[in-house]
Amino acid sequence: MLLQVGGQGSRPTFFEMAAAQQLPVSVRGALTYSMGVLALRRPFLHRFLDFEDESFSLLMLLLETHSLRNTDASFSESLYGLRRRQANIRLNNDANGLRRRQKVLSVVFLVVLPYLKSKLHSIYNKEREARLQATLWGDENEGYDVPLPRGFELDPPVSTATFDAADSSITTRIRKRLQKIVGICYPWLHATSEGLQFAYQLLYLLDATGYYSLSLHVLGVHVCRATGQELLDTSSRISKMRNFERERLRGPQWLKTLQGALLSCMYTVLDYAQTGLIAAVFFFKMMEWWYQSAEERMSAPTVYPPPPPPPPPKVAKEGIPLPPDRTICPLCSQKRVNPSVVTVSGFVFCYACIFKYITQYKRCPLTLMPATVDQIRRLFQDV
């Protein structure tokens, strides 16, 4: 008699599965950001940033292997209290955990395939940039026919076999051919992968299938919530495995003590790796929010009060005196008609008076500042 895994533990929701799938991406962003900040003070850490894919894949390989070995769940699934179980198991079968083949293939789907996809994406971006540059600037091998002066002769052609052999080596040609193949095939592979992932997630959301992804379907594995008894059994199994590994130590007493201390340190690091990485993700999100808020504050336009007006120009001693009544024109000593202002000084005159004066003397009659007729502005309201 066959029984679905849902009898052992309730089926996780779509949002729990989505969060578990998104956690490695957040962990990678947190680690990359942390390494970038530390590299500013320790330049030798830039080497790890140059091999970001390899470093992260190695870290995830250790974490996923340790998690699948002890808890029958991936690293992110174990954080949410989820477990992987065979899709069809017998009631009288006590070995309900994952088989060794399923654990190995789980590591392949969780670590190896994402690493290969990341490298293919990098190669595709380089190939696309190369095609874009070739489209913008043309083929670099394309020549131009330039007429030579009369009497000018070229030297005899030199054999370029040596240069062709150096530039067109077998390795270079194979690499370029592979880049072209990746540039053609990768968009289709990426679209197919994303389409299958979307289809499985949609069917899982609609309760049409118990598999959240294609990899789980290939492995024949369901993801379910771990029960309290399973958590106790897992802790007991881990303790037995570690005690058995300590008993297998061979050699003198000092060597066994040293090996036991190393094992204890390794177990401690692995046990607290989950907590440490979650703390790193939280720290990364907090710093991202902090610096984003600071950048927004710095980039926000600051509203300053308008500056005070400049002091008015003073009447020169050699200029025409200013009448006490502001409505009187200083030139004709009559009430202003068609008032106009000289922009260089700000004083108001009759338009006919100031136009005639500036045309003749090229200056303001009060301040003696240089002015032209273009700097005369008519006022439609006299003050």
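The values are calculated or read from the model by the stated rules, or taken from the named source; none is laboratory data. These numbers come from a predicted model, not from an experiment. Cβ placement follows ideal geometry from the backbone for every residue including glycine, while neighbour counts extend to all protein chains displayed. Just the protein is used for accessible areas: all its heavy atoms, side chains included, with ligands, DNA and RNA removed. Shrake-Rupley method; radii C 1.70, N 1.55, O 1.52, S 1.80 Å.
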Which condition breaks for F56 when tested against (1) within 30 Å of R242 (Cβ to Cβ); (2) open to solvent by 60 Å² or more (accessible area, probe 1.4 Å); (3) aromatic (F, W, Y)?
(2)
Does segment 93-102 contain at least one residue that is more than 19 Å from M241 (Cα to Cα), open to solvent by 60 Å² or more (accessible area, probe 1.4 Å) and not in a loop (DSSP other than H, G, I, E, B)?
yes
Filter segment 208-252 for residues that are within 38 Å of the chain's Cα centre (by Cα) and small (G, A, S); which is nearest to R100 (Cα to Cα)?
G220
Just wondering, is there one or more residues in segment 348-361 that are within 18 Å of V315 (Cα to Cα), at pLDDT 90 or above and in a loop (DSSP other than H, G, I, E, B)?
no
If you take the residues of segment 63-75 that are at pLDDT below 85 and either open to solvent by 10 Å² or more (accessible area, probe 1.4 Å) or not aromatic (F, W, Y) (or both), which of them is nearest to K117 (Cα to Cα)?
L63
Kindly indicate the residue of segment 337-351 that is open to solvent by less than 30 Å² (accessible area, probe 1.4 Å) and of a type outside the set (A, V, I, L, M) and also nearest to P310 (Cα to Cα) among those meeting that condition.
S345
Within the set of pairs 6 or more residues apart or between chains, which connect a residue that is within 19 Å of V111 (Cβ to Cβ) and modelled with pLDDT of 80 or more inside segment 2-24 to a residue that is among the polar types (S, T, N, Q) and open to solvent by less than 30 Å² (accessible area, probe 1.4 Å) with Cβ atoms less than 8 Å apart?
A20/S74; A20/S76; Q21/S76; Q21/S213; P24/S76
When I238 is evaluated against the numbered criteria (1) outside any loop (DSSP other than H, G, I, E, B); (2) at pLDDT 80 or above; (3) open to solvent by less than 40 Å² (accessible area, probe 1.4 Å), which criterion, by number, is the only one it fails?
(2)
Is it the case, given these coordinates, that T367 is exposed (fewer than 14 other Cβ atoms within 10 Å of the Cβ) and of a type outside the set (G, A, S)?
no
Which of the residues that make up segment 103-135 are modelled with pLDDT of 90 or more, open to solvent by 60 Å² or more (accessible area, probe 1.4 Å) and among the hydroxyl-bearing types (S, T, Y)?
Y115
For residues that are touching a residue at least 40 places away in the same chain (Cβ under 8 Å), under 14 Å from A18 (Cα atoms) and assigned to a helix (DSSP H, G or I), scanning just segment 195-215, find the one that is least open to solvent (accessible area, probe 1.4 Å).
Y204
Which of the residues belonging to segment 180-190 are open to solvent by less than 60 Å² (accessible area, probe 1.4 Å) and within 23 Å of the chain's Cα centre (by Cα)?
G183, Y186, P187
Here the residues within segment 216-235 that are part of a helix (DSSP H, G or I) and at pLDDT 80 or above are L216, H217, V218, L219
Any residue at all in segment 33-51 that is surrounded by fewer than 19 Cβ atoms within 10 Å (Cβ to Cβ), under 24 Å from V104 (Cα atoms) and touching a residue at least 40 places away in the same chain (Cβ under 8 Å)?
no
